[in-house]
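Asks: Have a look at this one.
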2 protein chains.
Amino acid sequence: MSLNMDELDEVSQILKLLGDKTRLTMMKLLEKRECCVCELVEIFKMSQPSVSQHLRKLKDAGLVKENRKGQWIFYSVNPNSVQHELIQNLIAFVPSQDHQLEELEKKGLRISCD
Amino acid sequence: MSLNMDELDEVSQILKLLGDKTRLTMMKLLEKRECCVCELVEIFKMSQPSVSQHLRKLKDAGLVKENRKGQWIFYSVNPNSVQHELIQNLIAFVPSQDHQLEELEKKGLRISCD
DNA sequence: TCAGTATATAACTATACGCTTATATGATCA
DNA sequence: TGATCATATAAGCGTATAGTTATATACTGA
């Protein structure tokens, strides 16, 4: 998120970013647990570059953070973003996406580094 | 707002609509008090068709309602919209636009039908 | 160091969006 | 009824956006 933004710009930029169904769902997922790109590709049935580009927008705005573990990069909601309270508020209105994560597990496609 | 929309569609559509700075500001204003198109034209320094088109989008989604008074049509936030709680939540994060209304008064451009 | 896997970036395309100008519709009032 | 004011709609334009395929970068492990 740019430094010289007033609050109105901040809020509208966040809403614009999350006005996309894919990114909104991503945030709901990444609030629950961190995911790597390949997991999100599987969940969204979407090309890997497309997923990467969405993540980059979210990251550029400070909404998610990345955490490399070996060859994977795990993304999760950044709890230190500006307007984090707004974001949490929004996400609370998004239907749970837990079934997506459960299906990943079922297919044995969940990446774990523990 | 279309009838066969799931909750995720509803939420993302609202965020997309309010991801525009003009419409977001409009909602903040129209929550405070109803305004007619010509007042909004003055406030936003924008062409009348542009303002009308923004209002139509908000109205098509059920976010605002209209109220004709003589030759004017006054718009205000619709308290019976789907996801109204979400909308109120969002608007609470938008900086106050009261100064806009005060300036209208000062310029003698406020339309009153009482 | 090389092959394989994960992710990012570049380039392109089709569509959506916001704005403008021009015009149509609708209400008021003499 | 005709002039005027308020609002809506139509058409067109420039730009932004989300997706694709192709390619580059980066890490892992033999």
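Just so you know, all these numbers are worked out from the coordinates, no wet-lab data involved. Source: prediction; values computed, not measured. As a convention, Cβ positions derive from the backbone with ideal geometry for all residues, glycine included, and neighbour counts pool all protein chains shown.
Asks: State, to one decimal in nm², a quarter of the convex hull surface area for the C-alpha atoms of the protein assembly as shown, i.e. the direction-averaged projected area. Show your work: numbers first, answer last.
Replies: Values: hull surface 58.8 nm².
Orientation-averaged projected area of the Cα hull: 14.7 nm².
Asks: Beyond 24 Å, what share of the Cα-Cα pairs of the range B:7-106 remains, rounded to the nearest whole percent?
Replies: For the range B:7-106, the share of Cα pairs beyond 24 Å comes to 16 percent.
Asks: With runs of 4+ DSSP H residues as the only contributors, calculate the mean residue ellipticity of chain B at 222 nm using -39,500 (n - 2.57) per run, divided by the residue total and rounded to the nearest 500.
Replies: Mean residue ellipticity at 222 nm (helix-derived): -16000 deg cm²/dmol.
Asks: List the distances, in nm and shortest first, from the label point of B:ARG68 to the matching label points in every other copy, placing each point 7 Å from Cα along the Cα-to-Cβ direction.
Replies: Result for B:ARG68, in nm, nearest copy first: 6.4.
Asks: Within 10 Å of each Cβ of A:89-96, how many other protein chain Cβ atoms are there on average?
Replies: Mean partner shielding for this stretch: 5.
Asks: Which pairs, out of A:LYS32/A:LYS65; A:LYS28/A:LYS59; A:LYS21/A:LYS59; A:LYS28/B:LYS28; A:LYS32/A:LYS106; A:LYS45/B:LYS57, put more than 24 Å between their alpha-carbon atoms?
Replies: A:LYS28/B:LYS28; A:LYS45/B:LYS57
Asks: So, one more: Count, for each residue of B:16-28, the Cβ atoms from other chains sitting within 10 Å of its Cβ, then give me the mean as a whole number.
Replies: 4
Asks: Next question. Arranged from highest to lowest average of other beta-carbon atoms within 10 Å per residue, in what order do the peptides B:48-57, B:26-35 appear?
Replies: Values: B:48-57: 14.7, B:26-35: 21.3.
Sorting B:48-57, B:26-35 by mean packing, highest first, produces B:26-35, B:48-57.
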